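The values are calculated or read from the model by the stated rules, or taken from the named source; none is laboratory data. Just so you know, these numbers come straight off a predicted model, no measurement behind them. No Cβ is skipped: glycine too gets one built from the backbone with ideal geometry, and neighbour counts run over all protein chains shown.
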Amino acid sequence: MGIEIAKEVQGEIISADSRAIYKYMDIGTAKPSISEQQGVPHFGIDLVEPGERFTVADWKDYAEQKIKEIKQRGHVPIIVGGTGLYVDALVYNYQFRGKTGEKAGENASAEQKSCSDRQKMVDGYAIFGIKWDNKALRERLEQRVNKLFVQELYNETRFLVEKYGWGSQAMKSDIYQFAWGYLDGEYSLEEAKRLCVLDDYHLAKRQMTWFKRNPEIKWLSLEKIKPAVLKCIQNG
């Protein structure tokens with residue numbers, strides 16, 4: 001949807017996905033391929049290697065710089081993604097602190113971390129969320145998992161395990177743990193898929209709990225999102 005909108009308004013997309021920042025984790029994080037990006041510039045993807053430190057403060061600084069650059073080109077920045085703290089840090093201008101003498105972001109923690117810390121949203125942002133019922137959400141997650149459990153995922157998982165091991169926090173969540181369990185003989189393929197869908201569903205529920213506490217988000221069905229966002233952009 002973000003790509004569709006971007007193509008109509010000379011938009012450029014900034015990913016607000018805390019998994020897409022990692023290099024080499026392509027299939028498992030469902031990053032859009034070059035062809036899927038359909039010529040729309042994307043940022044926030046492949047920023048660091050798994051295991052390399054990259055905080056929410058780093059992402060906020062990065063996103064603000066990209067927003068500035070996109071606007072200087074006369075284009076529209078569109079932030080897309082499901083990491084709630086990333087989104088809140090940006091639109092509520094969270095301030096960060098680090099240890100004495102350190103640049104904020106290198107070893108930073110948020111002064112505001114929870115949904116209750118939200119203050120006034122920064123001018124210039126509007127937030128839209130696609131509304132799904134639980135049945136449709138579960139079906140989409142199952143479709144996603146079936147699409148991702150392919151040989152390319154197994155190759156990617158083996159590469160990541162060999163290169164980074166399981167010590168990296170980046171490897172301890174998402175689909176990789178189940179793909180490796182299947183490759184290692186811990187799970188059958190169907191069991192690995194079932195566990196992955198369940199894990200994704202619980203994650204989606206936590207994400208929805210986070211976002212639904214934000215009164216600024218306009219929740220609309222899929223077919224109503226595009227015209228609403230386009231109208232918002234046209235009205236400035």
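For residue 177, the test of being at pLDDT below 95 and either assigned to a loop (DSSP other than H, G, I, E, B) or farther than 19 Å from residue 23 by Cα (or both) is failed. Restricting attention to segment 59-86 and to residues that are modelled with pLDDT under 95 and outside any loop (DSSP other than H, G, I, E, B), the residue that is farthest from the chain's Cα centre (by Cα) turns out to be 85. Considering only residues in segment 38-91 that are among the β-branched types (Val, Ile, Thr) and free of Cβ contacts under 8 Å to residues at least 60 places away in the same chain, the one that is nearest to residue 167 (Cα to Cα) turns out to be 48.
Quick one: is residue 40 part of a loop (DSSP other than H, G, I, E, B), modelled with pLDDT of 95 or more and at negative phi? For residue 40, the condition - part of a loop (DSSP other than H, G, I, E, B), modelled with pLDDT of 95 or more and at negative phi - is met.
Check 48, 40 and return the single one that is closer than 30 Å to residue 193 by Cβ, surrounded by fewer than 21 Cβ atoms within 10 Å (Cβ to Cβ) and of a type outside the set (Phe, Trp, Tyr). Before the answer, list the steps.
Values: 40 fails: closer than 30 Å to residue 193 by Cβ.
Residue meeting the stated conditions: 48.
Within segment 124-170, being closer than 26 Å to residue 211 by Cα and in contact with a Ser or Thr (Cβ under 9 Å, 6 or more places away or on another chain) holds for 130, 131, 132.
Could you go through segment 218-225 and let me know if any residue there is touching a helix residue (DSSP H, G or I) at 6+ places or on another chain (Cβ under 9 Å), part of a helix (DSSP H, G or I), over 18 Å from residue 79 (Cβ atoms) and of a type in the set (Asp, Glu). No, segment 218-225 has no match at all.
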